[in-house]
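The values are calculated or read from the model by the stated rules, or taken from the named source; none is laboratory data. Please read these numbers as outputs of a predicted model, since none were measured by experiment. Glycine also receives a Cβ, built like all others from the backbone with ideal geometry; neighbour counts cover every protein chain displayed.
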Amino acid sequence: MHKILLLSINALYASVVSAQAPSPPSPQSKLSVHWEELSAAEFRDAIGRARGTCLLPFGILEKHGPHLPLGNDLLNVRYVALNAAQQEYAIVFPEYYFGQIFEAKQQPGTVAYSAHLQLELLQETTDEMARNGCKKIVIVNGHGGNNSLLPFFAQSQMASPRDYVVYVYQPAGHPPGRPPMKSSFDSHAGESETSHVMVSRPDLVHMDRAASESGADQNRQDLPAGVYTGIWWYAKFPEHYAGDASGANKALGEFDMKAWADGVAGVIRAVKADQVSLRLQNEFFEKSKKPLETKQ
């Protein structure tokens, strides 16, 4: 009888302790894709789950016509990156808006950092990401003004050895089935971008203001084809509005944002599987030490 009583007490104690103690996390337990939301311990697990793959969504602070928010590009690219990382796990870096936007300095709210700071900050950011285990960094560009900056930054990674790879993703074109557009000319804060914000942050779209300014090309320069000058954008669109937002609609926005997110998810998968880029990068740096010994 005494033995039976002891066994019963032990069983009761075990059940109480089991109920109070948290169960160990499952390898498949949900981890946030937001870098800033992860605890230190979770971050270590997240790096493993992401196989060292991290996203750096890159936006800007600039005027977007009379009807869209200053952070338009940042809001859209982060929406896309976060949705893509939910499809194929990756860690998404916090808000990053330190890009090229000199052409909008005459507009309220524009933050234009010096060229050297843009490059230095981006380099130190990717260095720090890599130091924390992000050995495959995908910069997802959401701002047209970075279209020259980011490929140059990627090329500059060949200046000195490093143990990580920078990938730059700038989607081109649209998949079949895209809803037809009303406007024939569509660029900055036009029909597409306005439709995108109707999905990412509909509360920040003010369609009643869209017609208060013109997004028509002013075409104030007369130069031969192939001649480039930095004032070209201001010559065409001094109000920093290029297009006609009146045809914007949620259906177009949902199509584009899904296609963009699906594209980023596909890039994450490809980058995770990439075993070639770092190997070639290391080979390049090794050969660059003794260029005269490189076989021709």
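Test of understanding: among Y79, Y89, Y96, which residue is among the hydroxyl-bearing types (S, T, Y), closer than 18 Å to R269 by Cα and surrounded by fewer than 24 Cβ atoms within 10 Å (Cβ to Cβ)?
Criteria check complete, one pass: Y89.
Check G190, G230 and return the single one that is under 28 Å from N83 (Cα atoms) and in contact (Cβ under 8 Å) with a residue 40 or more places away in the chain. Lay out the reasoning, then the answer.
Values: G230 fails: under 28 Å from N83 (Cα atoms).
Being under 28 Å from N83 (Cα atoms) and in contact (Cβ under 8 Å) with a residue 40 or more places away in the chain holds for just one of G190, G230, which is G190.
Looking only at region 120-145, how many residues end up being surrounded by fewer than 16 Cβ atoms within 10 Å (Cβ to Cβ) and among the aliphatic types (A, V, I, L, M)?
Looking only at that region, the number is 1.
Examine region 89-106 for a residue that is of a type in the set (D, E), more than 27 Å from M257 (Cβ to Cβ) and without any contact (Cβ under 8 Å) to a residue 60 or more places away in the chain, and state whether such a residue exists. Steps first, please.
Taking region 89-106 as the starting set, the residues that turn out to be of a type in the set (D, E) are 95, 103.
Adding the requirement that they be more than 27 Å from M257 (Cβ to Cβ) leaves none.
Within region 89-106, not a single residue is of a type in the set (D, E), more than 27 Å from M257 (Cβ to Cβ) and without any contact (Cβ under 8 Å) to a residue 60 or more places away in the chain.
Could you please let me know if Y169 is surrounded by 13 or more Cβ atoms within 10 Å (Cβ to Cβ), of a type outside the set (G, A, S), within 13 Å of the chain's Cα centre (by Cα) and over 24 Å from L204 (Cα atoms)? Lay out the reasoning, then the answer.
Details: surrounded by 13 or more Cβ atoms within 10 Å (Cβ to Cβ): yes; of a type outside the set (G, A, S): yes; within 13 Å of the chain's Cα centre (by Cα): yes; over 24 Å from L204 (Cα atoms): yes.
So Y169 fits the description; yes.
Among the residues of region 162-174, are any closer than 23 Å to H34 by Cα, out of contact with any Phe, Trp or Tyr (no Cβ under 9 Å at 6 or more places or on another chain) and of a type in the set (V, I, T)?
Narrowing region 162-174 to residues closer than 23 Å to H34 by Cα: 164-171.
Okay, now just the ones that are also out of contact with any Phe, Trp or Tyr (no Cβ under 9 Å at 6 or more places or on another chain), so 164-165, 167, 169-170.
Applying the additional criterion that residues be of a type in the set (V, I, T) yields 165.
There is at least one residue in region 162-174 that is closer than 23 Å to H34 by Cα, out of contact with any Phe, Trp or Tyr (no Cβ under 9 Å at 6 or more places or on another chain) and of a type in the set (V, I, T).
Under the condition of being modelled with pLDDT of 95 or more and of a type in the set (S, T, N, Q), which residue from region 149-174 is farthest from A104 (Cα to Cα)?
From region 149-174, those modelled with pLDDT of 95 or more are 149-169; that's our starting set.
Still in the running and of a type in the set (S, T, N, Q): 155-157, 160.
Values: Q155: 26, S156: 26, Q157: 28, S160: 33 Å.
Restricting to residues being modelled with pLDDT of 95 or more and of a type in the set (S, T, N, Q), the top hit is S160.
From the set of residues in region 221-270 that are among the aromatic types (F, W, Y) and loosely packed, with under 15 Cβ neighbours inside 10 Å, which is nearest to T110 (Cα to Cα)?
Keep residues of region 221-270 that are among the aromatic types (F, W, Y), which gives 228, 232-234, 237, 241, 255, 260.
From what is left, the residues that are loosely packed, with under 15 Cβ neighbours inside 10 Å are 228, 232.
Values: Y228: 23, W232: 18 Å.
Checked region 221-270; the qualifying residue nearest to T110 (Cα to Cα) is W232.
Report, by residue number, each residue of region 132-173 that is assigned to a strand (DSSP E or B) and either among the small types (G, A, S) or touching a residue at least 40 places away in the same chain (Cβ under 8 Å) (or both).
The initial filter retains those residues of region 132-173 that are assigned to a strand (DSSP E or B), namely 136-141, 165-169.
Scanning region 132-173 gives K136, I137, V138, I139, V140, N141, V165, V166, Y167, Y169.
Restricting attention to region 172-203, which residues are among the acidic types (D, E) and surrounded by 20 or more Cβ atoms within 10 Å (Cβ to Cβ)?
Within region 172-203, D186, E191, E193 qualify.
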